[in-house]
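All remarks here apply to the structure that follows.
What follows is calculated from the coordinates using simple rules that are stated; it is not laboratory data. Please read all numbers here as calculations on a predicted model, not as lab measurements. Backbone-built Cβ (ideal geometry, glycine too); neighbour counts: all protein chains shown.
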């Protein structure tokens, strides 16, 4: 990979010159996503945001690569940079055809994959923030291009910060301790920013420690402190309005808009293309003195710098301006899509059935046998290759039940007319294929046309090729009535299906199941029985199961659980009973808990939704045409409980991800099998590096991913039990021995020191472990580091943030003021809570000054063996939550000891300081 572009501001002076030519009204108008043109200075109409998560989305035909969670399984930065370059080129091609297509790309997503139930799991790269940063930097570098001045596109990092749940995403507050923030959440953002490959950042919808991220000035300042470049901050869609209507954090939109600008938000994505309300709110904020012109100018300048970097005013100098509208779906892009899809496939288990024996009779069964599904942020691929296509002439059975539905109102069967409209008037039992995706959610496909039922326009039609849309209109729920009949609910609208008496047309119109049409449902063919029969007649079975990315787990909807849908589990059990030589291929946006199915299958293979070349990617690996290269960038848990609470962001305290998990995963971070065997023979450590000797002991060549992890088992803090430090892929021919050199950065063992607010490497014993996964590390070497000791906290005359404690119980993190600072308060539903500060130097302290608000009391205690000795108590009179006072309590203690503060009632605490 090339060296990072130096983070400079080559267009700062020109942006200022442009700004000087704009009127205050014109400057202010730049702060909305859709900025009006200013022809007299050469500025055209502009908007932020072209979606490019794993291909150009929503703009017609474009190359569709695997989902990011799949691309991450390659662990290959060079590949991701090439993928980013193709996506960036196709954005330029769309822009050439339509100049309103923005060159500001809203990708990549760098939120660490903390919990596999997150609905947007597919959009991220890894549970490891450093691997996320490594891969995201590469993808963004491809989007950006390699010119030192002009950018192919301007990538935008999403979503700052601690965003990992869709449930109540706009009103939940992630609880982040300083260590979790700096060690786990921020590194994924810092890598791409410091590399100079992104030009914008998007805050997330949620709150962190009580404050919405769109008004979190300290977070945005931290981010901007990592670079000398200008970073545009664009709001997420509707987030400015949500500050008032959803979060109720501000009383009116003027105050909220002003706070967002003061915090560092530069562009408002709000009310779609209608900028009038944003302009009105900002104008009123100026008039009320909540903003001044310098605030507006600062935000406008950042947008102008971004636009100049795209060559908007320099078409003769812009190296990317020559990109033409037909630079889409090129042969090289198709080849790269296949390469990415192949290398993203992970072999999880293999009892010897893989690679498939040449000439074997193969049956491809399951809901993903013959279809390639897109997700919400996918583009429209030029073609799709399914697993069945790629393994042809294998027999194919989807496992869908084929049914006939007869209306009890009309007596006719449901059928689709030439226009796709569904009516219950046919005398012939028309057939429909039903797939149960779990939790009662079904899709129905007219067997005659292969098109899905949809109810988005009130009238039901069979005219959709796949489930799609912000609110999926192609899914239904079935309800069994007491008389044995079945009623259908259109999931997208919540309305129930009825049959119009005059024409027999099916419409989604009834308010309840009681008033819905009642159908007699007859199963014409059991999909499970058909799949089992096909399996019994084959030498080997490829059973393709998984999720539809638009259903039961996507943006706005978290997964209900981690299990396969029961219908798919039942299908798998029947197929395995019919033919144990079954390869279970999981095509999904996230990990599953497979239970006994993972034990019973002859092999288990995972791929994300792999884009237009999904089928070739899977078949290349299954047949052995390509060696399995994929390795998990996200562990698959053994049980639901092992994944933890979806809303718990404390990876340290809750023991989340492979860093802290107390129990082994079913398939660990870094796991993935090849078709040969590799022995790890020796490891040596030297300052700044490690050398690992590996040998290919099998009879096939392999590209082995050598992984190096660090550990500090004797550390005074709870630190990751293993943390990826380096990795390198090496080609090994049969019998070949290679020594792999891996860099060990000086800060690889650094932790966030809450006493001084920075990273430190403490002295002590450290270890390096090498192997093929985080759970298989046969080599280890220990060594001592001098490091930097952490001294006792000096209390006398020193202000200590309450947030910078070492331990806590029943305490919640909250905002000190609406826009800055942190505070502690007792967790809702508890009477009291406490925080502990370790190794506090109490010498010379006669009074403890506490900055408090609310009302209640604070007890001050010092450790006395295994118990706590009271030093004093501060009673805090009731006040507003933001009405802070500094009050003192006399204390008497000497030496270095642990200090505990017990909060009682509604009291809030933000800092403490010792006084004589």
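Quick look at the numbers
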| item | result |
| --- | --- |
| Using distinct alpha-carbon pairs, which all enter the 1/r mean, Kirkwood radius of the stretch 365-425 in Å | 14.8 Å |
| Contact order normalised by residue count of the stretch 423-489, Cα under 8 Å, 6+ apart, percent | 22 percent |
| Dimensionless Rg ratio for the stretch 402-525, taking C-alpha atoms and the 2.2 N^0.38 Å reference | 0.93 |
| Taking only Cα atoms of the stretch 732-851, radius of gyration then Dmax in Å | 21.7, 73 |
| Label-point separation, residue 654 to residue 916 (7 Å along Cα→Cβ), nm | 4.8 nm |
| Two-decimal Rg/Rh across the stretch 114-206, once Rg and the Kirkwood Rh are taken from alpha-carbon atoms | 0.99 |
| Residue-averaged [θ]222 nm for the chain, counting only DSSP H segments that reach four residues, each worth -39500 (n - 2.57) | -5500 deg cm²/dmol |
| Where Rh is the Kirkwood radius over Cα pairs, Rg/Rh for the stretch 474-610 | 1.06 |
| Extension reserve of the residue 847-residue 12 stretch, reckoned as 0.36 nm per residue once the Cα distance is removed | 295.5 nm |
| Distance histogram for the stretch 463-553 (every C-alpha pair counted, 5 angstrom bins, percent rounded to whole numbers) | 3, 11, 15, 16, 17, 16, 11, 7, 4, 1, 0 |
| Whole-Å semi-axes of the chain's equivalent ellipsoid (Cα gyration tensor) | 47, 35, 31 |
| Angle in degrees between helix 12-21 and the longest Cα principal axis of the chain, rounded to the nearest 10 | 90 degrees |
| Cα pair distances in the stretch 793-915, grouped into 5 Å bins until the bin that holds the longest one, percent each | 2, 12, 24, 27, 20, 10, 4, 1, 0 |
| Spin-label pair residue 20/residue 596, simplified geometry with 7 Å Cα→Cβ offset, distance in nm | 7.8 nm |
| Cβ crowding within 10 Å averaged over residues, with 425-432, 103-110, 804-811 ranked highest first | 103-110, 804-811, 425-432 |
| Sites residue 733 and residue 98, calculated FRET efficiency, Cβ-Cβ separation with R0 60 Å, nearest 0.05 | 0.75 |
| Residue 408-residue 906 pseudo-label distance in nm [points 7 Å out on the Cα-to-Cβ vector] | 5.6 nm |
| Cα pair count fraction exceeding 20 Å, expressed as % - the stretch 102-261 | 48 percent |
| The stretch 169-243: Cα Rg divided by the 2.2 N^0.38 Å rule of thumb | 1.10 |
| Using alpha-carbon coordinates, inclination of helix 129-144 to the longest axis of the chain, degrees | 70 degrees |
| C-alpha long axis of helix 293-309 to longest principal axis of the chain, angle in ° | 50 degrees |
| Cα centroid of the stretch 549-624 to Cα centroid of the stretch 210-288, whole Å | 42 Å |
| Descending principal axes extents, the stretch 64-125, alpha-carbon based, whole Å | 40, 25, 16 |
| FRET efficiency for residue 785 and residue 465, using Cβ-Cβ distance with R0 set to 60 Å, rounded to 0.05 | 0.55 |
| Spatial separation of Cα centroids for the stretch 297-344 and the stretch 420-490, in angstrom | 41 Å |
| For the stretch 708-784 versus the stretch 35-95, the gap between their alpha-carbon centres in whole angstrom | 35 Å |
| Enclosed volume per residue, in Å³, of the convex hull spanned by Cα atoms of the stretch 362-475 | 134 Å³ |
| Percent RCO, i.e. relative contact order, over the stretch 587-670, from Cα pairs under 8 Å lying at least 6 residues apart | 31 percent |
| Rel. contact order, % - alpha carbon contacts under 8 angstrom, at least six apart, the chain | 11 percent |
| Pairwise Cα inverse-distance average, inverted: Kirkwood Rh of the stretch 206-288 (Å) | 13.1 Å |
| Dimensions in Å of the stretch 12-309 - Rg and Dmax from alpha carbons | 18.2, 54 |
| Computed lengthening from residue 61 to residue 418, 0.36 nm per intervening residue step minus Cα-Cα distance | 125.8 nm |
| Chain lengthening between residue 818 and residue 146 when straightened (0.36 nm per residue, less Cα-Cα) | 237.8 nm |
| Descending Cα extents along the principal axes, the stretch 532-672, whole Å | 51, 31, 30 |
| log10 of Debye I(q)/I(0), alpha-carbon scatterers only, for the stretch 500-580 at 0.22, 0.23, 0.27 Å⁻¹ | -1.01, -1.04, -1.18 |
| Over the stretch 676-785 - Rg/Rh using Cα atoms and the Kirkwood inverse-distance radius | 1.05 |
